[in-house]
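Computed from the coordinates by the stated procedures, all read-outs in this text should not be read as laboratory data. Worth saying up front: this structure is predicted, and the values here are computed from it rather than measured. Note that each Cβ is placed from the backbone with ideal geometry, even for glycine, and that neighbours are counted across all protein chains shown.
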Amino acid sequence: MRNIIFLVVLYFAAAVYAQTDAPLGVCAHLQGGSEYRQMPQNLELMYNAGFRLVRTDFSWSRIEPEKGTWKFDTHDDIVKQTQQNGLQILGLLIDHGVDWAAPAHQHLDDWLEYVEKTVRRYKDSIRYWEVWNEPNIERFWRYPSGKDYATLLSATYKKIKEIDPGITVLSAGTALLPMKFIEEMLQEQASNSFDVFCIHPYRAGFRSMTLSSRFGNDIKQLQTLLTKYNGGKPKRIWITEMGFPTPPLTSGISRNVSGLLKQAGIDGREIKTAALPASVQAAAGAANILNTFMVHDVFASEEEQAVYAPQAILLSLRFGIEKFIWYELQAPEDDNIDPEEHFGLTHRDLKPKPAYHSVTALGKFIADGVAIDTKTDWQQHGCCVVHWTHKDGTPVWAVWSPDGEKNIAVKIGSGLKGVFDVFGKPVPVNLPEQSLPVSPKILYLVGAETLSILH
């Protein structure tokens with residue numbers, strides 16, 4: 001194959017590196033269902049893919065199902081098994097149905113008792129806690145209010161720091177980037193109530209350089225806002241959910257259409273075709289529920305998911321995100337329409353999708369710590385370029401063309417050890433040929449000290 005050489009003009013004197021230990025994490029609902037029953041297999045798959053952090057629920061309603069009745073057996077088991085498999089936990093503190101103390105921000109004594117008992121119980125094992133999930137949407141907070149969420153966050157932060165000042169407190173990941181909601185909570189002095197700000201910036205993949213740039217601009221806008229309300233100093237940012245669902249029906253059908261079908265007595269699992277009947281689509285359109293799942297067109301084929309996943313991870317790290325947590329490992333797949341059922345890197349039976357393998361390939365290069373080059377231009381002659389140094393000191397480069405296949409002229413420095421495709425398979429290189437075929441599928445170049453894209 002042609003000279004699979006990579007990218008970017010790099011001048012080490014000018015490069016700026018951001019150190020990140022174990023930047024990859026994954027979401028899993030380990031407290032119940034098949035993910036609990038198959039927890040050993042789940043945890044093994046996570047670690048083998050390069051994930052070192054698992055974000056999982058410590059739901060108030062599971063821990064205190066009735067006022068004054070505390071049940072920790074399930075979560076004790078989760079903590080034990082997770083540690084045995086070499087993974088850390090990001091615990092999610094959230095209310096899933098505690099009717100006798102709702103809303104939580106108006107029942108702080110009850111909420112903080114749950115926080116106190118949970119965090120103190122696991123303080124030697126769990127060093128990261130995220131306070132709530134997506135409080136800017138009604139699915140998780142009945143009447144979304146940045147001010148009300150700031151009230152809950154501030155009280156929770158103080159309680160956790162009383163237990164152990166060294167524990168890292170994360171704000172709730174917001175659904176998308178709701179700047180008005182975020183600024184509303186920051187105006188309530190919330191910047192002093194979290195160590196890490198979290199987001200869930202779901203989007204429609206990275207089908208073009210324009211979409212890739214938009215992602216970077218969105219992150220920059222958030223960084224600017226956080227800095228403004230933090231005395232001019234930057235705040236750490238994590239992505240605690242992001243992914244691309246692969247429902248078998250990918251014609252723009254939303255979770256609401258799934259609900260419509262269920263109301264009509266139609267089981268989504270029985271639908272195998274690539275599109276709904278016209279009558280159902282018309283009914284969905286009339287009800288204004290088509291394309292309303294969080295972000296329009298977030299759907300992907302399994303092949304596209306494999307392409308987008310490593311792109312999302314690398315661009316996030318390059319844009320200053322400290323950790324990236326994929327949503328999720330095991331897909332529930334309870335119906336064939338609802339996108340929420342199909343985010344997983346594996347199917348319900350834990351058979352890996354192609355994206356599991358593309359993430360695993362990237363994980364080999366970044367799992368245990370990296371120094372990301374945040375200075376070198378990530379856009380080079382229509383290509384995306386990300387450069388980092390592995391924990392062992394090896395330089396690694398990634399290059400891809402989001403707008404499609406093309407050949408680029410490149411120049412490579414010394415030290416090349418190997419070139420690998422998006423799935424980690426070796427690609428032959430014929431030096432000193434200087435033409436490199438690139439596509440949306442990432443290529444990795446390992447060991448090269450310098451790289452240049454000429455045109």
Once amide H atoms are built 1.01 Å from N in the peptide plane, which residues 5 or more positions from residue 326, or in another chain, come under 5 Å H to H?
25, 26, 27
So what does the Cα-only Debye profile of region 290-449 read at q = 0.09, 0.13 Å⁻¹, as log10 I(q)/I(0), no solvent term?
-0.33, -0.66
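Add +1 for every Lys or Arg and -1 for every Asp or Glu among the other residues with Cβ under 10 Å from the Cβ of residue 236, and state the total. Kindly include the intermediate steps, with their values, before the conclusion.
Working: positive: 235, 323; negative: 195, 322.
Here the charged neighbours net out to 0.
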Of the residues 354, 327, 370, the Cα lying farthest along the dipole of region 321-380 towards its positive end, which is defined by charges on the beta carbon of Lys, Arg, Asp and Glu, belongs to 370
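If neighbour count is taken as other Cβ atoms inside 10 Å, put 137, 94 in order from fewest to most. Don't skip to the answer; put the middle values down first.
On the way: 137 16, 94 20.
Ascending number of Cβ neighbours within 10 Å: 137, 94.
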Shape box of region 373-453 [Cα atoms, principal axes, largest first, Å]:
33, 29, 24
Is there a quick way to get the dipole size of region 373-453? I mean about its Cα centre, with the Cβ of Lys and Arg at +1 and of Asp and Glu at -1; what is the value in debye to the nearest 20?
100
If you take the square roots of the eigenvalues of the alpha-carbon gyration tensor of region 115-246 and sort them as a ≥ b ≥ c, do you get rounded (a/c under 1.5), prolate (a/b over b/c) or oblate?
prolate
Give me the one-decimal nm value for the distance between modelled label points at residue 67 and residue 236, 7 Å along each residue's Cα-to-Cβ direction.
3.7
As a footprinting exposure proxy, order 410, 115 by other Cβ within 10 Å, with the fewest listed first.
115, 410
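Rank these for me by crowding, 335, 377, 109, going from fewest to most other beta carbons within 10 Å.
Values: 335 22, 377 11, 109 8.
Ranked by crowding around the Cβ, least crowded first: 109, 377, 335.
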